Amino acid sequence: MYGTLRPGGYNHDRFLAGRIGDEAAAVLPGAVLHDGPGYPYVVPAKGSEVVGTLLTPSSGDYGDLFGLLDRLELPAGYERAAMDVVRTGDGVRLSAWVYLAAPDAPLGPVIESGDWFSRRPAPDGPRTP
């Protein structure tokens with residue numbers, strides 16, 4: 001996860017508490033992060049990377065968790081895709097599900113750092129997708 005569902009993000013505990021077995025710092029190479037209407041969007045792009053956290057569901061929660069996340073993310077302008085991510089602690093590259101911006105997503109400016117937590121928050125505060 002790279003935005004509001006990342007540990008420390010305002011949707012992490014709301015939707016993921018008790019459902020995650022492992023969390024590891026990771027980057028998504030070949031992608032750029034855009035600001036959005038209170039939450040970010042990722043778009044594939046060569047030469048950039050997005051900072052995030054690789055979340056592994058708890059045993060038995062995989063299907064239910066993706067059902068919940070799809071109901072949250074798909075109507076908010078995302079598509080789920082398998083992409084390679086790199087765990088920053090050990091450099092291991094592996095495939096993970098990532099929510100990317102759908103073609104009609106309301107993309108805002110690029111967040112140059114690639115890190116949602118380093119951007120300037122919107123003046124009216126966060127909104128939940």
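Evaluate segment 110-117: report whether one residue or more is at positive phi, in contact (Cβ under 8 Å) with a residue 40 or more places away in the chain and open to solvent by 60 Å² or more (accessible area, probe 1.4 Å).
Checked against the condition, which is being at positive phi, in contact (Cβ under 8 Å) with a residue 40 or more places away in the chain and open to solvent by 60 Å² or more (accessible area, probe 1.4 Å), segment 110-117 yields no hits at all.
Would you point out the residue of segment 89-109, among those that are free of Cβ contacts under 8 Å to residues at least 24 places away in the same chain and either in contact with a Leu (Cβ under 6 Å, 6 or more places away or on another chain) or in a loop (DSSP other than H, G, I, E, B) (or both), that is surrounded by the most Cβ atoms within 10 Å (Cβ to Cβ)?
Result: Val92.
Report yes if some residue within segment 22-36 is under 15 Å from the mean Cα position of the chain (by Cα), under 16 Å from Met1 (Cα atoms) and not in a strand (DSSP E or B); otherwise report no.
yes
Can you find a residue in segment 64-85 that is surrounded by fewer than 20 Cβ atoms within 10 Å (Cβ to Cβ), touching a strand residue (DSSP E or B) at 6+ places or on another chain (Cβ under 8 Å) and β-branched (Val, Ile, Thr)?
No, the conditions are met nowhere in segment 64-85.
Here's the yes/no breakdown for (1) closer than 16 Å to Met1 by Cα; (2) of a type in the set (A, V, I, L, M):
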{"position": "Val43", "(1), (2)": "yes, yes"}
{"position": "Gly47", "(1), (2)": "no, no"}
{"position": "Arg80", "(1), (2)": "yes, no"}
{"position": "Val92", "(1), (2)": "no, yes"}
{"position": "Trp97", "(1), (2)": "yes, no"}
{"position": "Glu112", "(1), (2)": "no, no"}
{"position": "Ser118", "(1), (2)": "yes, no"}
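The values are calculated or read from the model by the stated rules, or taken from the named source; none is laboratory data. Predicted, not measured: the structure shown is a model, and the values here were computed from it. Neighbour counts are summed over all protein chains in view; Cβ atoms, including those assigned to glycine, are modelled from backbone coordinates with ideal geometry. Heavy atoms of the whole protein, side chains included, go into the accessibility calculation; ligands, DNA and RNA do not. Shrake-Rupley method; radii C 1.70, N 1.55, O 1.52, S 1.80 Å.
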